[in-house]
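Chemist: One structure coming up, written as structure tokens, with questions to follow.
The values are calculated or read from the model by the stated rules, or taken from the named source; none is laboratory data. The model shown is predicted, which means the values in this text are computed figures rather than measured ones. Note that we place each Cβ from the backbone using ideal geometry, even for glycine, and neighbour counts take in every protein chain shown.
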Amino acid sequence: MEISELFDEIIDLAIQKKASDIYFLPKSDNYEIKIHTSNGVIQLSELPFEKAQRVITYCKYRSGMAISEKRRPQLGAIMYTYQKQKLRFRLSSVGNFNQHESLVLRIIYDNEQSGCRFFNERKVEQLLNIANKRGLMLFAGPTGSGKTTTIYKIARTLHENEVVMAIEDPVEICEDRFLQLEVNDKADMTYANLLKVGLRQRPDVFIIGEIRDSQTANIAVRAALSGHLVFSTVHAKTPQGTIQRLLDLGVDKIQLKSALTSVSYQRLLPTNNNSVKALITICDDNPVDLNTDDMDDWKQKLEDLFQNGEITNETKKKYWYG
């Protein structure tokens, strides 16, 4: 089998299982190929060293990475056509102490291919209504939980005359209607610097891929206070944790209370009919004043889904704490 055919076969198997990531992991005598799905990380196959390294070299060549560099971390991207759908792969490679490379390939599905449906579509309507108020809308959840897809789903419903600027690291979903900028720290194009430039461009809406430093957090809040609609993600395990994260980054609590219109927490859950749907809880009533029981609504939704036969008891237990 040609290496290109083996690569296509691995991709096909991963997409069939709706995987978000593919891992090429070196072991003592071979490589393990694993994928990350809504059910966790599962092993897809094993490959001999030589064949796995040829697949990695093929991926690096297609993504514009340095083939001869096997030790230092590298990043790359591939555009891929799957059943007439355009997908984007993000690649990350690094060598271990034996200089055996590992490779992680992130599959960026478009809005249709991702199949990001909600257990309760009325939650999307709720987010749309909140967006009409302007201000800062925060989305929490782990990597691969569909946060960016949800943000784009809402942003695409805005009036076509509104200027939407997305600043991401990297851009995950291509949208011709939006002005999309990509973070490049080496070129001093950080989130904060691009946001400053963005404000001079006077967009109506900002999509900020992630708030992860004090400067970005404070600029995002000021943009929301000045009348912009701002979407962003924050790494946190609960809505309350999202608020605390911004406070820890030095955002003034009074300003945050004035700017913030909602905090959402989202995960993708496997259903009993072998599909995947998004479960989301939304706090839009004085979210800065959330109490420590902010996951009660989440737990009740999980219990309802289990009682209605939509998810298994194992799934309920696995996602009970977010």
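Chemist: (1) out of contact with any Lys or Arg (no Cβ under 8 Å at 6 or more places or on another chain); (2) hydrophobic (A, V, I, L, M, F, W, C); (3) at pLDDT 90 or above; (4) loosely packed, with under 15 Cβ neighbours inside 10 Å: which one isn't true of Val94, the others all being true?
Modeler: Every listed condition holds for Val94 apart from (1).
Chemist: Same structure again: Restricting the search to the range 239-260, which residues are more than 21 Å from Ala131 (Cβ to Cβ), assigned to a helix (DSSP H, G or I) and of a type outside the set (A, V, I, L, M)?
Modeler: If the condition is that a residue be more than 21 Å from Ala131 (Cβ to Cβ), assigned to a helix (DSSP H, G or I) and of a type outside the set (A, V, I, L, M), then Gln240, Gly241, Gln244, Arg245, Asp248, Lys253 are the ones that fit.
Chemist: Ok, one more. The conditions are (1) under 22 Å from the mean Cα position of the chain (by Cα); (2) closer than 29 Å to His159 by Cβ, and Thr271 fails exactly one of them. Which is it?
Modeler: (2)
Chemist: Continuing with this model, one more query. Restricted to the range 36-55, and to residues that are hydrophobic (A, V, I, L, M, F, W, C) and assigned to a helix (DSSP H, G or I), which residue is farthest from Ser93 (Cα to Cα)?
Modeler: Among residues in the range 36-55 that are hydrophobic (A, V, I, L, M, F, W, C) and assigned to a helix (DSSP H, G or I), the one farthest from Ser93 (Cα to Cα) is Phe49.
Chemist: Grab the strands (runs of 3 or more DSSP E) fully contained in the range 56-167, keeping just those with 2 or more residues being under 30 Å from Gly309 (Cβ atoms) and in the same structural domain as Leu302 (by TED's automatic domain parsing).
Modeler: Output list reads 135-140.
Chemist: Of the residues that sit in the range 272-321 and are over 21 Å from Ser38 (Cβ atoms) and assigned to a loop (DSSP other than H, G, I, E, B), which one is modelled with the lowest pLDDT?
Modeler: Result: Thr292.
Chemist: Just a yes or no: is a residue in the range 228-237 outside any helix (DSSP H, G or I) and over 22 Å from the mean Cα position of the chain (by Cα)?
Modeler: Looking for residues that are outside any helix (DSSP H, G or I) and over 22 Å from the mean Cα position of the chain (by Cα), one finds at least one in the range 228-237, hence yes.
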